[in-house]
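Here the structure comes first, spelled out in structure tokens, and everything after it is commentary.
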Amino acid sequence: MDKSQTVAVVVSFFSLAVAALALGWNVYRDVVLKPRLKVRVSVVDVVHATGSTKCVSVTGTNLGPGELIIEMAVGKNAPLLLRLRRKTEHFILVEDYTILGCHKVPKRLLVGERVTLLWPYDKRSFLKDPLTRIGLQDSFGREHWATAVSLKVARASYVADFGKLNSAPTS
């Protein structure tokens, strides 16, 4: 093999490596790299001109890398025993749009934008029912769950204000 053939083989391997890297990046960007949503549950005071009300708030912030459309608020009850039997209970939380400051869904979020969904905070709040996850579902059907710590703090606030939690879901 002379010098020109060696150079041609080296250039071919180099171009093959660049093409493989480009293909790998495109697959990663289009298949793996999806927008993420940071979700939190909390009990908040909504202050307005006529006074203030306590509400349960589920907020989601789009961390990127692209825009995201939030479709609905969801939850599930999946204690260990139900997970072992693959019988988790899923439910949808319907927003209360009469509360000032509640966004309407579906809501398009650009990178860095936030959505806030509100529900009345009273004895009938969904915090009384057994639930292990609260989150937001996007237009791709992916569920973005709130941190366990924020849900635990919200439920502790409910217990402090209204007493003990239900042990079984109510219809």
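The values are calculated or read from the model by the stated rules, or taken from the named source; none is laboratory data. Quantities reported herein were computed from a predicted structural model and do not represent experimental measurements. Every residue, glycine among them, receives a Cβ derived from its backbone with ideal geometry; neighbour counts consider all protein chains shown.
General observations
- Taking strands (runs of 3 or more DSSP E) as the structural unit, those lying wholly within segment 4-120 and holding at least 3 residues that are touching a Phe, Trp or Tyr at 6+ places or on another chain (Cβ under 9 Å) correspond to 36-48, 51-64, 68-77.
- First in segment 24-50 and touching a residue at least 40 places away in the same chain (Cβ under 8 Å) and farther than 27 Å from Gln137 by Cβ, second anywhere and of a type in the set (A, V, I, L, M, F, W, C) and not in a strand (DSSP E or B), Cβ under 7 Å, 6 or more apart: His48/Leu100
- Meets criteria (of a type in the set (Lys, Arg) and in contact with a Lys or Arg (Cβ under 7 Å, 6 or more places away or on another chain)) for Lys54: no
- Meets criteria (more than 26 Å from Val111 (Cβ to Cβ), at pLDDT below 90 and surrounded by 16 or more Cβ atoms within 10 Å (Cβ to Cβ)) for Thr53: yes
- Scan of segment 87-128 for residues that are surrounded by 15 or more Cβ atoms within 10 Å (Cβ to Cβ), of a type in the set (A, V, I, L, M) and under 23 Å from Lys54 (Cα atoms), ordered by number: Leu93, Ile99, Val105, Val115, Leu117, Leu118, Leu127
- Residue in segment 11-28 that is at pLDDT 85 or above and in contact with a Leu (Cβ under 8 Å, 6 or more places away or on another chain) present: no
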